[in-house]
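**Q** Before I ask anything, here is the structure I am working with.
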Amino acid sequence: MSDPFAPSKNVQNLSNVPDPETAQLPPYLDGLNDEQTKAVKALDGPVLVLAGAGTGKTRVLTTRLAHILVEGKARPWEILAVTFTNKAAREMQNRVAIITGRPVEGWWLGTFHALCARILRRHAELIGLKHNFTILDTDDQIRLLKQLMEPLEIDEKKWPARVLMGVIQRWKDRGLTPEKISSEEGSEIAGGVVSGLYRDYQMRLKALNAADFGDLLLHCLTLFTENTDILYEYQVKFRYLLVDEYQDTNVAQYLWLRLLAQEHKNICCVGDDDQSIYSWRGAEVGNILKFEKDFLQATVIRLEQNYRSTPHILAAASGLISHNESRLGKTLWTGMNGGELIKICAVWDGEEEARSIGDEIEVRQSKGQNLEEMAILVRAGFQMREFEERMINLGIPYRVIGGPRFYERHETRDAIAYLRVVNSPDDDLAFERIINVPKRGLGQATVQAIHQLARAQSMPMYEASRLIVQTDEIKPKARSALGGLLQDFERWRSNVGILPHFELAEVILDESGYTDMWMRDKSPEAPGRLENLKELVSGLEDFDNLQGFLEHVSLVMENQENSTEDKVSLMTLHAAKGLEFETVFLPGWEEGVFPHQRSLDEEGLSGLEEERRLAYVGITRAKKEAMIFYAANRRIYNQWQNSLPSRFVSELPSENIEPISENGLNIGVGAKVGLESKGSGFDRFSNTLSYGSPRSRGHTRDGTIIEAEEWIVSTSSSNNKFQLGARVFHQKFGYGKILAIDDNKLEVEFEKAGTKKVIDSFVDLT
C-alpha cells in the first residue's frame, strides 16, 4: 500500500514546480491574510512567527503542519510539533486531519514532557533506568524527599519539603544536574545542604526506577549530550520542528530544541514576547528575544492583524506595551471600525469598585448581553473576595476560573475552621481539620485515640480531648501539645464579645502559629496565601459578630457550581491568557497592587516589564469593551491605605481612553491629559488627577459615601501651602513630618506608620 504522505516526486523535481505567480492556492490557504500565508509557506530554514493576541496563531500552526504534509516535504513521523497542553495537541491533530482529509498517525505531537518520555522509553538504560520507569507525581516526590531530609536533620518547619523540592525543580528547569550545581548555588538554603540533597534525591530516584517531570527534559539533555549518535539519529529524523507558545519555554526546553534543530534547521517557533507572563514558572522571555542570534538568517514574520478586538482596545494595548524595552516590537491593528473608548473609572474604595462593577454587569445583562460574555480579571487572588460577595448579594451567577473560590481555598478553610471551633467547640469536622495545623506533633495515633474516646462516651472530639489530656492514653509530648491547644481555644473563646471579632481572628491566626507557618514557607504560593488570610480578616469587619460571619460563609458555600448556567467569569490575569470576552472589567489598577509591589521589589525592571505584559494581556482579552478601575483608598492587610493610580493608567494613549466619574468621584477636568506618561515613579502622576478630600467628603466604615457636591478637587501644591519639615496630620496614619514635595504628592514620615507617599488633599497642617 502506498504511503499517502510520501514525498512528492514533483516537489523534488524543480522543473515541475508551477510558477508561484500563476499557481492557484490550495483551498486550505483561502481566508489567510498575507502574513499568515507567509508563515504557512516559509518552510525552509528557521522561522519565528511573532503572533500578537487574537491574530490567528492556532490557524497558522495547524495550516502550516498540513501544508508540510500536503506538499510532501515530510511524513508525519518526520515532524516534531510541541504544544504546552495535551488539549492543544489533540485539537491540532484533529484540525490537520480535517485539512488533509485523512487521519494523521505516527507523528510526534505533544507536550515537552510527553515527547521526552517517549524518547526516554527507548533509551532508558543509557541514563540508568529501565524502559518501564515510573513517573512520580508531586505527592510521591515530596514523600521521597522527606525520607532523605531526616538523616540530614533539616528543620522541616523552617524548610518544608515542598520548598526544597521547588529549588530542585528550578535547577532542573535550567538544565542543571547535581554535578553542575556550583558551591554558591543554594548555599543560603537549608544550611547549604540542598545541593547534596539534590544528588541524593536523584540517586534514590534511579534506585526506584523512577523519574519526576523535571527529569524528563533533564535526562533527555543528558542522553543527547553523552550519546551523539543518538542525538544525530533524532536530528536527521525530524525534518521539521514546530513549537507553540515559545515565549513560555524554560532553559531546559530551549536547550533541547536547539540540539534537535541543528541538522535541518527547519524550526518554526510561534509566540508573543509581549505575552510572556510566567517567569515564576521558569519561563525565560530571553529565549524568544534571542531567536535571531541563535538561528542565523532566520525569517521573522509578524502577525499583527487582530480579529478579536476593536481599534481603541488594540491601540491602547499597543501604546501601553511600547513602554517595555525588552521586546521585539509589533503593533496590533484591525480591519474593524468604531468601538468604544476604554473607560478609566476612579472609585473611592474597593467596596465601591465591586459595587460599580456589579451594577455595570446588571446593566449589560438587562440589555441582553450574556453573563458568559463578561469577565472580571484581577491581579491577585485576594481581590476576588469582594467581587464574590457582591455577585452573591446581587444574585449574579459567577464562576472562578483557574482556582477555587475564595472561601474554598485551603488557607481560607483552615482559618475558618479555627473560628468555627471558637464559636462552637462541638464542631468535630473543624476541630479535626486544624488539630495538627500547623504541626504540633498530634499525629494520626493521637487523633484516633480521641476519636475512640469520643465515640465511647458519645461526646464531641473537643470534650474527649479535654478528658484524654488528663490520662496516659497518649504520649506525654502529644498530651502537652494538645493541652496547650485547648488552653488557647479557651482563652480565645473568653475574648469573644470583648475584642472586636476581626481583631480576635487576627489574634487567633497569629497565636496559633498559622500565619507564621505561611510566613516561613518559601514556596511561590505562600505570599498569595498570606494575602488571602489578611483579606479574610478584612472581610470580617463587614459583619456584626463572628456568628454572623460564619452563617454568611455557610450560605456562600451553598452557591454550587452549575456548569450549564450562564455565569460571569472571575479569574486572575494569569489565568485569563488565551481567553476572550465581549466585556472585560479590570479592577485594582493602583501602584502596589498592579504593578504588584512584590514583583517590583524582587525583580526590579524585569519585574515591572512582566507586570506591564500582564496588563497588555488583560486589555487584549476584551473584544468590544474594557473598563479599568482604580481606587483612591484600598483596605490591604486590614489597613486602609491611600492609593495612587497605576503607572499603567498614565501610559495608555489619551486618545483611546475615556476617564469617567463613579458615583460623583471627581478625577479632574484635565484627567484625560493628566493620564499621559510623564516619566518614571512618582512623576508619572499628573497633578490634574484628583480625589475627593476626606476633609470635605466623609467615608463611613461600611463604605457609604457622602453627597458628591461636598467634594473638593485637589490640584497642584504650587501655592506653597506645604513646606519641607512641616508637621501634618493624616486621618489614618496620624501625625508626621514632610520629607519631600512633588507637585501634589507628599512624602511624609509618620510617627507611628513610618514613611508614606500621600496626596496633599489627604493631610492637614497642624
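The values are calculated or read from the model by the stated rules, or taken from the named source; none is laboratory data. Fair warning: this is a prediction, and the values are worked out from it, not measured in the lab. Quick reminder, even Gly has a Cβ in these numbers, built from the backbone with ideal geometry, and neighbours come from all protein chains shown. Quick note on the areas: whole protein, heavy atoms, side chains included, nothing else; ligands and nucleic acids left out. Shrake-Rupley method; radii C 1.70, N 1.55, O 1.52, S 1.80 Å.
**Q** Apply the a/c threshold of 1.5 to the C-alpha gyration tensor of the chain and tell me whether it is rounded, prolate or oblate.
**A** It comes out oblate by the Cα gyration axes.
**Q** Once you have a ≥ b ≥ c as the square roots of the Cα gyration tensor eigenvalues for the range 340-428, tell me rounded if a/c is under 1.5, and otherwise prolate or oblate according to whether a/b is larger than b/c.
**A** prolate
**Q** While we're looking at this one, here's another question. Counting only protein heavy atoms and a 1.4 Å probe, tell me what percentage of the chain's accessible area is made up of carbon and sulfur.
**A** 48 percent
**Q** Can you flag which of LYS41/LYS330; LYS624/LYS745; LYS73/LYS577; LYS172/LYS534; LYS567/LYS624 are past 30 Å Cα-Cα?
**A** LYS624/LYS745; LYS73/LYS577; LYS172/LYS534, as the Cα separations exceed 30 Å there.
**Q** Counting pairwise Cα distances across the range 365-416, what percent come out greater than 13 angstrom?
**A** Every Cα pair in the range 365-416 considered, those over 13 Å come to 64 percent.
**Q** So how much slack lies between GLN547 and HIS323, counting 0.36 nm per residue of separation and subtracting their Cα-Cα distance, in nm?
**A** Length gained between GLN547 and HIS323: 75.6 nm.
**Q** Label GLU525 and LYS237 with points 7 Å out from Cα along Cα→Cβ: what is the distance between them in nm?
**A** Each label point is offset 7 Å from its Cα along the Cβ direction, giving 3.6 nm.
**Q** Right, here's the next one. For the pair GLU503 and ARG90, how long in nm is the line joining their label points, each one 7 Å along Cα→Cβ?
**A** Once both label points are built, they end up 5.5 nm from each other.
**Q** Further question on the same structure: Report the full-extension gain for the segment ILE401 to GLU565: residue separation times 0.36 nm, less the Cα-Cα distance, to one decimal in nm.
**A** In short, 57.6 nm is gained.
**Q** Can you list the HN-Hα couplings for the range 81-96, worked out from phi with the Karplus curve (6.51, -1.76, 1.60; θ = phi - 60°), rounded to whole Hz and with x for Gly and Pro?
**A** Each residue's phi maps through the Karplus curve to give 10, 10, 10, 9, 9, 5, 4, 4, 5, 5, 5, 5, 4, 5, 5, 5 Hz.
**Q** Among bridges DSSP assigns within the chain, what percent are antiparallel (round to 5)?
**A** Beta bridges within the chain, antiparallel portion: roughly 35 percent.
**Q** Mind giving me the FRET efficiency for LEU208 and THR766? R0 is 51 Å, r the Cβ-Cβ distance, nearest 0.05 is fine.
**A** It comes to 0.15.
**Q** Per residue, what accessible area does the range 146-188 have, given a 1.4 Å probe and all protein chains present, in Å²?
**A** With the other protein chains kept in place, the range 146-188 gives 60 Å² per residue.
**Q** Using the beta-carbon distance between HIS131 and GLU408 and R0 = 30 Å, what value does 1/(1 + (r/R0)^6) give for FRET efficiency, to the nearest 0.05?
**A** Approximately 0.15, to the nearest 0.05.
**Q** Moving on to the next point. Between LYS180 and ASN337, what is 0.36 nm times their sequence separation minus the Cα-Cα distance? Round to one decimal in nm.
**A** In short, 50.9 nm is gained.
**Q** Still on this model: Based on the Cβ-Cβ distance from ALA97 to THR228, what FRET efficiency comes out when R0 is 41 Å, to the nearest 0.05?
**A** It comes out at approximately 0.70.
**Q** Solvent-accessible area of ILE127, probe 1.4 Å, all protein chains present, reported in Å² to the nearest ten, please.
**A** Solvent-accessible area, nearest 10 Å²: 10 Å².
**Q** Same structure, new question: In nm, to one decimal, how far is the LYS157 label point from the ASN495 one, both placed 7 Å along Cα→Cβ?
**A** Computed distance between label sites LYS157 and ASN495 equals 2.1 nm.
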